[in-house]
């Protein structure tokens, strides 16, 4: 299934002593680029999460955010910063004495200073944390990929509609191109008659001029190649692989063939078709650049 490169996924799970939240989002990128923000003491998760995501995601700039809440109160303890607390109390007493201020130091007075205490986390069970986070990340990635698939299906439908429009225009060009040669022959024959003011016309000269013109404006090779590119594009849209870069290349080739048809065209109707095709190809290119 075709997938978009933009997506969002979120999962929240309570596993063991941990409440874990994993959020991830992505935007377009030529390659796979991954960044993750984990709690300060959980940097050991970074590479594991990157490796896990890389198995599921091929392209896009992915940002992941991991939050871990420790349910077990024994995981953390509050310690007194004895050295700072002693120095702080001494300074308060000195302030009272020096400026003749009533000494009303209480525990609440000292505790109001954030530096008097510090939080100490007990050693983490890395294996348990990793298991909990990866289990949560699995759900987040599934939601993320599901959103990419839904958006990818919309992109696929849009591209297929544009392909149908282009094929209609190509069919018109294939029908119209021989007609332009016929019309050219009629015009040149009429012009020669006018110049010679005679009914006797050099048929060989007309055939030669017509053949030169026909060769100059022939677009059969270009339309065949254009149809071939469109066929390849449609085949890729049916695969489950990451085909974004291949699609981008094919769209470029479609544009190249269309430009060649436009440069050869000496007919207003064909020129209009070429303009319409190029407009659709440009819109397709924008859509293809969103595909993984």
inquiry  = Taking only Cα atoms of the stretch 21-71, what ratio of Rg to Rh do you get with Rh as the Kirkwood inverse-distance radius?
reply    = 1.00
Residues 4, 108, 43 arranged by fewest to most Cβ contacts within 10 Å = 108, 43, 4
query = Rounded, prolate or oblate: which fits the stretch 1-47, taking a ≥ b ≥ c as square roots of the Cα gyration tensor eigenvalues, rounded meaning a/c under 1.5, else prolate when a/b beats b/c?
reply = oblate
query = Which order results if 93, 106 are arranged by neighbouring Cβ count within 10 Å, fewest first?
reply = 106, 93
ask   = Over the alpha carbons of the stretch 16-143, what is the largest minus smallest coordinate on each principal axis, giving the biggest first in Å?
value = 71, 32, 20
R0 of 30 Å, Cβ-Cβ distance residue 167-residue 50: FRET efficiency to nearest 0.05 = 0.10
task = Grab the Cα-Cα distance for residue 249 and residue 87, subtract it from 0.36 nm times how many residues apart they are, and report the gain in nm with one decimal.
result = 51.3 nm
key: Cβ-based exposure ranking for 101, 291, in which fewest neighbours within 10 Å come first   = 101, 291
task = Could you calculate the FRET efficiency of residue 99 with residue 40 from 1/(1 + (r/R0)^6), where r is the beta carbon distance between them and R0 is 41 Å, rounded to 0.05?
result = 0.50
query = With r defined as the distance between the Cβ atoms of residue 149 and residue 282 and R0 fixed at 25 Å, what FRET efficiency is calculated, to the nearest 0.05?
reply = 0.45
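Bear in mind that the values in this text are calculations on the coordinates, not laboratory data. The structure displayed is predicted, hence computed values, not measured ones. Positions of Cβ are backbone-derived with ideal geometry, glycine not excepted, and every protein chain shown enters the neighbour counts.
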